[in-house]
Amino acid sequence: MKVLVVGSLPPPERARSEALRAEVVSLLADGDTVEIVAPDPVATAHRYLTAGGLPACIQVATMVSGFDSVIVQLQPGLPVRARAGRLERSLCLFAFALALRRAHRVEIRLERLEDLPGGPGGRAALRLWRAAERVVTEDEEQRARFLDEVGRQADRLVVTSRPAAEVADDEGAWADGEVASVENVLELVRRRAARERRALAPSDAAHLAGWDRLPAPGLAMTDSDTALLAPSEVPRKPADLARIALAAADRRPSLWRFARAARLARRGVYAVLRPGRTD
């Protein structure tokens, strides 16, 4: 089955992006062909939406044909901008509902109700929910809130909550203020990569397409990544310090927007000063 996934996978790491990544891994394990379209320019994807709000709705409408199934992860900017007014919100929801009605087997994922400006209630939002085969929320609490805000009209909708994610014993994490050494980073990445490979591996040990591109133990980071993080007697360049600062900001929910804006600004400067440079 050919599946179009509209939403942002990590980076940066967030509850909604991690949940969507788990869904994509499950689809790949079932042998489906998946194409990912992300609203976030730093997320992992095959293609990217050029803008949020109404332009994103129109762009999605041009993509959905030709896919057997469409999965949409709602987030700020998709389909409604975070600061959109009532009229703009209604227009975006109406346009997005029309776009999804052109698709087959639509699943809409709403991690947190706050991800949709104005909430899930209202006539315009109801058009969007009815365009989907089912609506998936983060948990039972979010599902109850969704049904309460949509009201009696929700009786005709299929609303479910996604299964709770299992946390591995060896997941590991760092507390705020704790120093992450290169060895700790490598070990954590290896454990996560090994767990994902075990989840992907079929019972008959036959490898899936693209198995050889999955990270192998000890190879989850490149030599350049290790050199950048490792202590060095040579003073780091300002560009190196900037990359480290941006990487740290990506891990902070309160700072990731500033990191994204800084990257976009840097790309704009490079586009003017160094037309041949892509980074």
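Things worth noting here:
- From phi via Karplus (6.51, -1.76, 1.60), per-residue ³J(HN,Hα) for the range 57-62 in Hz, x at Gly/Pro: 4, 5, 5, 5, 4, 7
- Neighbourhood net charge (12 Å Cβ-Cβ; Lys/Arg +1, Asp/Glu -1) for Ala82: +1
- Residue-by-residue Karplus 3J(HN,Hα) for the range 111-122, coefficients 6.51, -1.76, 1.60, Hz, glycine and proline x: 5, 10, 4, 5, 5, 10, x, x, x, x, x, x
- Long-range amide H partners of Thr137 with built H, under 5 Å: Leu110, Thr160, Ser161, Arg162
- ³J(HN,Hα), Karplus 6.51/-1.76/1.60, whole Hz, each residue of the range 135-152, x for Gly, Pro: 10, 10, 9, 5, 8, 5, 5, 5, 5, 5, 5, 4, 4, 5, 6, 6, x, 4
Values quoted throughout were computed directly from the atomic coordinates according to the rules given, and no laboratory measurement underlies them. Everything quoted here is computed from the prediction, not taken from an experiment. Backbone-built Cβ (ideal geometry, glycine too); neighbour counts: all protein chains shown.
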